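To keep things clear, I will list the structure first and then write my remarks on it.
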């Protein structure tokens, strides 16, 4: 029987306050642009021990502006909408499962 190995890239996933109304079983996270849906799902399931029903992602362009030094552009960023199975945002948040 082969063991399942889950490798985590060194990444930061941040919980975001969503600007639009989301269902109670869905949370929004700011994730690195290079991370895919399957990696986000594996990360959530392995680290937090919750079942993920679906993951939707959206890439947002960085803002541009003008300062005294000239024009600038912030980096593009990605938001992931994670729908959990059997979970509600009203339930208490716990720390990650210890290894």
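Only the coordinates and a few stated rules stand behind these numbers; no lab work does. What you see is a predicted model, and the numbers here were worked out from it, not measured in a lab. Methodologically, a virtual Cβ is constructed for each residue, glycine included, from the backbone with ideal geometry; neighbour enumeration extends over all protein chains shown.
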Would you kindly compute the Cα radius of gyration of the range 14-85 and its largest Cα-Cα separation (Dmax), both in Å? 15.0, 49
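Order of 25, 69, 76 from fewest to most other C-beta atoms within 10 Å? Show your work: numbers first, answer last.
Details: 25 16, 69 6, 76 11.
Ascending Cβ contact count within 10 Å gives the list 69, 76, 25.
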Burial ordering of 45, 39, fewest other beta-carbon atoms within 10 Å first: 45, 39
